[in-house]
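The values are calculated or read from the model by the stated rules, or taken from the named source; none is laboratory data. Everything quoted here is computed from the prediction, not taken from an experiment. Note that we place each Cβ from the backbone using ideal geometry, even for glycine, and neighbour counts take in every protein chain shown. Surface areas here come from the heavy atoms of the whole protein model, side chains and all, with no ligands, DNA or RNA. Shrake-Rupley method; radii C 1.70, N 1.55, O 1.52, S 1.80 Å.
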Amino acid sequence: MALQWLILSYVVAAEVVIAVILTLPYPMLVKKRIVSLVSLILQPAASIVAFAGFQLLDLYWKNEHRLMCSSEVCTATERDRYEKSIYKAQRNVVLCAAGILLYWCIYRICKYNKDLEHLEELEKRCKAE
């Protein structure tokens, strides 16, 4: 069960690196190449949104069907195990939300840069006329 969270954490780490690379100031030619490369990667990487969404649904289902341990009958070990599972679930929800949010941010940064490039081309054409 931990493999999916390991994969998701690596994907989120890669998304962070890509977002940082996209937001660093580069010369215009390098920036265009980086944006075009990341844009090519974005479409196949859209599966992370579906994967993270499925994991969120799984976490929700497990939370709804989790055995509660809040009475006097529970031992200290059972209560600790329950609290640990709650903390892991909360961490995993944050990880899924970060994956979806970072994908959206990268998409918007690429779209913004492409729109900016298109407007610069229009400005050059208007100045040339």
note = So, with points 7 Å from each Cα along the Cβ direction, the Ala46-Lys84 label distance in nm works out to 4.1 nm
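Rounded to a whole number, what % of the accessible area of the chain do carbon and sulfur atoms account for, probe 1.4 Å?
Numbers: 6470 of 9560 Å².
Carbon and sulfur atoms account for 68 percent of the accessible area of the chain.
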inquiry  = Looking at the calculated P(r) for the chain, what percent of the C-alpha pair distances fall above 23 Å?
reply    = 51 percent
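Determine the relative contact order of the chain: mean sequence separation of Cα pairs under 8 Å and six or more apart, normalised by residue count, in whole percent. Display every interim value, and only then the final one.
Values: 59 pairs, mean separation 59.4, N = 129.
Answer for the chain is 46 percent.
Please work out the average accessible area per residue across region 1-127, using the 1.4 Å probe convention, and give it in Å². The partial results should precede the final answer.
Numbers: 9300 Å² over 127 residues.
Averaged over the residues of region 1-127, the accessible area is 73 Å².
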request  = Find the cysteines in the chain that fail to meet the 4.7 Å Cβ criterion with every other cysteine, and list them.
outcome  = Cys96, Cys105, Cys110, Cys126
task = Can you tell me how much longer the chain between Glu72 and Leu119 gets when fully stretched, taken as 0.36 nm per residue apart minus their C-alpha distance, in nm with one decimal?
result = 10.2 nm
ask   = What's the center-to-center distance, using Cα atoms, between region 11-32 and region 92-106 in Å?
value = 17 Å
inquiry  = Could you work out how much longer the chain between Ala19 and Arg91 gets when fully extended? Use 0.36 nm per residue separation minus the Cα distance between them, nm to one decimal.
reply    = 23.8 nm
message = Output the 0 to 90 degree angle, nearest 10, between the alpha-carbon long axis of helix 2-23 and the longest principal axis computed from the alpha carbons of the chain.
response = 30 degrees
ask   = How much of Asp80 can a 1.4 Å solvent probe reach, expressed as accessible area in Å² and rounded to 10?
value = 100 Å²
